[in-house]
Structures are given as C-alpha cells and as structure tokens.
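The values are calculated or read from the model by the stated rules, or taken from the named source; none is laboratory data. Just so it is clear, the model here is predicted, and its values are computed rather than measured. Positions of Cβ are backbone-derived with ideal geometry, glycine not excepted, and every protein chain shown enters the neighbour counts. Heads up: the accessible areas ignore ligands, DNA and RNA and are worked out on the full protein's heavy atoms, side chains in. Shrake-Rupley method; radii C 1.70, N 1.55, O 1.52, S 1.80 Å.
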Amino acid sequence: MEGFKSLVVILLSSVLVNNYVLARFLGICPFLGVSKKLDQAAGMGISVTAVMLLATLVTWPIQHFILDPFELGYLQTIVFILVIASLVQMLEVILKKFSPALHRGLGVYLPLITTNCAVLGVAINNITDGYNFVESLVSSLGCGLGFLLAMVLFSGMRSRIDETEVPKNFRGVAITLIAASFLSLAFMGLAEIVNNLIG
Amino acid sequence: MKKDGNLSVLLNGIIKENPTLVLILGTCPTLATTTNVFGAFGMGVATLAVLICSNILISLLRRVIPDNVRIPCYIVIIAGFVTIVQMLVHAFIPDLYDMLGVYLALIVVNCIILGRAEMFAGKNSVGRSALDGLGMGIGFTLALCSMAAIREVFGAASFAGIAIPALENYKIEFLVKAPGGMLVYGLLIALVGIITAGKAPKKKSFSCAGCPGAHICGSSDCAKGKEEA
C-alpha cells in the first residue's frame, strides 16, 4: 500500500506541481508552436506522452544494465539522445505500416518530438531522481499527462487571444508568452493545494 | 542570396538576428536558467562553446556528411561537445554544475545549435561558421544575462549573488518564479520588436527555418504555420 501511495504522489506531483512546461520549462517550443488549435494540441500531447513512456522504457534499463555496470555514465547524454531519436523514427515507421490512420493523426508530430527537450529531460530526470523502474514509468506518464493538460488548456487561451485586439508590438510571440505566464501562475496556485494535500 | 561580410555575420547574431529575442530559438534554457545572473552567464558561455565547436566541425564535415542522414550526424557531433562541456563544468565549476543541473545536458536539444548547424554551418566555410557561432553565442549570452539581471535585481534584490540592500524590502518575488520568467521574456520580445521595428527580418513567428524537423515535416502543420505567419 505504501508503494502505491508513493506512486500516486509521484504521478500527481509530476502532473500538477512540477508540470514540465509551466514549472520546469521543458518542451516550451512545441507548447508555444503547436497550441493554436485544440485537436493539434491534443495530438501533440498524446504523442509526447507515448514517446516519453517508450523512452523511459528503453533508457532506464540502458542506464542501469549497461552504462552503470561498465562505468560509462558520462556517455549518458549521447546515448539517450540517440536512443530517443531512433525510437521516434522506428515508431513512425511502425505506425505507418500497421496503423495508417493513427499515423495520419499523430505522425506529423513525431519528427518534432526528437528534439523536444521534455522527452530527454524526463529520461535524465528519472535517473537523477533515483526512481526505480515502475516509479520512472509513472513519473513519465505524469509528465506526459501534465504536458497534455498544459497544451489543451493553453490552446483554449490562444483561441481567445486570436479574437482580441492586441497592441501591435505585442502581437505574436510576446502576447503568447504573457498568456502562458498567467496559466503558469494558475498552476503555481494549484501546486500549493496539492502540496498541502500530500503534506 | 547575398553574401554578407564577415563582420555582419558576427553582428547579425548579436542584434539583428538575436537567437533568443528575434528568432525565438532556445526558449527552454532562456526561461529556466535566468533566475540569477551567474547561472544565466554560465549557461550562455556553455552554449557559446558548444555552438562554436559544433559549427566548426559541421562546417568542416559538410561535404562528407550525406544529406539525408545529416540531422542524426549533427546530433551526435553536438552531443559529443555537450558531454565535453558537461565534464569540464563538473570538474572546474561544480557550483554552476549543480545550479544548471539537467539543463546543461539539454544543450543537446537546444534548437539554436541544431538550427545554426542546419541554416548556416552546413552551407558556409569554416571561418564564417565559427564567426556565426561566436555571434549567435554572444547574442544568446547577452539576452540571457539581461533577462536574468531584470529578474534577479527586482525579484531577489541581488545581482549575481551579491545582495542589493536598497531593494531588500521591495522584492517582487513573482519575477524569480516560473510565471515571472515568461512575463519578462514576453515583455523583452515586445521591447526588442519596438527597437528593431522594420529592421529585423520578418521572423516574429516560431521560425520553421530554425526547427530541425522542418525538412521532414514540410507538408505538416509546421509548414502551414509558416505560410500564415
């Protein structure tokens, strides 16, 4: 039971408290770039969640069964980025072959995910935080869901911004970042609530 | 395309095509490491070092690397240099290493570096690529430092860790938290937009040119977004 509780804590804290986009600033590029429309935002969020889970599934054993025993820890960055890049490519090929419908839906986001720092960030953070295999998977799931949540919420805000008259110099990126700042502020409040609940 | 002089290659990165404030590349480290000037400067210099080295090597190898596997090659080269920088920082400036944490490793996926490799180093001579890397790196460092200065002075009443007693009672702690970072960044982009009005290249959108995925996702929403912009 104790183990289950700690998993819930990890999940909740990675979705709400340490939200990757809004509190840790990882994966800002897709967050700002692909959040214009709700369906795109959701598609990107789901793809990122899937890739995060897969990446953790592969990188955690690599770290603990190959890099650590042979004292190759310093190769972590190179190995992880290569693994993630090839994983994404493979996923794209497999999806194309076996599920063209899904590929049409999510395929366009896959190449962009290779260089999404949130994915590499999750893989590295799971190692530095000393999570075991199950905890790592739960934390990746949480980070992915947190990313999805932030994307979906923000796409709603963006559609409202589109309808308003923005001062000329703030149009585009500037107003988007300021709006993101307000969303981040809301999440900060949420984080306090969760912290108090968990204690 | 008109060939710019060497000096303007260097200066482009600092002002006109500032990677952070005009091209809007490398947003993640910009927001994450600017809570104090020391961390921001360290991040800027680390990125500068990786940028120059990778630009030079990629430019040297530009005729050797086959076109269709160039992105993986670039990533391996960049990851190699990032690892070297990581080890050097860990050995000589452990404080900075602890402060930057995961963001140091994440220089690998910093779109400025891949973007410059793709846009400049893959097409230009070694000397010009080194200059471009230097200019872009300095531009990145300056942007990071100015943002960090605003956030640290007004948010934490200190500068590079040295306390400023006069502001002690007027801290706006919001600025050093996550939302404050986005707010200051947004305001700075708007400010630079006013200053460079008309002079800067029209890249106020999230530039596809700098996105390493651009060549793959040519038909996707990314391209659509580019047309709209």
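Observations, loosely collected:
- Averaged over B:164-171, number of beta-carbon atoms from partner chains that fall within 10 Å: 0
- Minimum 40 Å² accessible area buried by the other protein chains, the range A:149-169 residues, probe 1.4 Å, relative to alone: A:169
- Computed with every protein chain present, the accessible area of residue A:5 is close to 120 Å² [probe 1.4 Å].
- DSSP-loop GluC sites (Glu not before Pro) across the range A:160-197, with at most 11 other Cβ within 10 angstrom: A:163, A:165
- Loop sites in the range A:1-95: chymotrypsin sites (Phe, Trp or Tyr not before Pro), DSSP, at most 15 other Cβ within 10 Å: A:70
- Residue B:90 accessible area, 1.4 Å probe, all protein chains in place, Å² to nearest 10: 100 Å²
- Highest to lowest packing among A:90-97, A:37-44, B:39-46, B:146-153, scored as the average C-beta count within 10 Å: B:39-46, B:146-153, A:37-44, A:90-97
- Note on A:76-85: average number of Cβ atoms from other chains within 10 Å of each residue's Cβ is 5.
- Electrostatic dipole magnitude of the protein assembly as shown [Cβ: Lys, Arg +1; Asp, Glu -1; Cα centre; debye, to 20]: 1520 debye
- Placing +1 on each Lys and Arg Cβ and -1 on each Asp and Glu Cβ, with no other charges, gives the range A:44-149 a dipole about its Cα centre of roughly 520 debye.
- C-alpha center-to-center spacing [the range B:34-48, the range B:148-201] in angstrom: 15 Å
- The protein assembly as shown gives an Rg/Rh value of 0.94, both radii derived from C-alpha positions and Rh following Kirkwood.
- Accessible area buried, both sides summed, chains A and B with 1.4 Å probe, Å²: 3700 Å²
- For chain A, the fraction of 1.4 Å probe accessible surface lying on carbon and sulfur atoms is 68 percent.
- Rg(Cα) / (2.2 N^0.38 Å) computed for the range B:1-62, rounded to two decimals: 1.29
- Here the range B:31-174 is assigned +1 on the Cβ of each Lys and Arg and -1 on the Cβ of each Asp and Glu. Its dipole about the Cα centre then comes out at about 600 debye.
- Comparing A:59, A:77, A:49 in a Gaussian network model of chain A where C-alpha atoms under 10 Å apart are linked, the largest mean-square fluctuation is found at A:77.
- Rounded to the nearest 0.05, the FRET efficiency derived from the C-beta distance between residue B:171 and residue B:60 at R0 = 30 Å is 0.05.
- Inter-part distance where the range A:181-199 and the range A:1-62 are each reduced to a Cα centre, Å: 17 Å
- Hull volume in cubic angstrom per residue (convex hull over the Cα atoms of the range B:81-172): 121 Å³
- Pairs of Cα atoms in the range A:14-190 fall into 5 Å distance bins, from 0 up to the last occupied one, in shares of 1, 8, 17, 19, 18, 14, 11, 6, 3, 1, 0, 0 percent.
- Along principal axes, Cα extents of the range A:116-159, largest first, whole Å: 40, 18, 11
- Accessible solvent surface per residue of the range A:14-190, calculated while the other protein chains remain in place, 1.4 angstrom probe, Å²: 42 Å²
- When only alpha carbons are used to place a centre, the range A:134-156 and the range B:60-122 end up 27 Å from one another.
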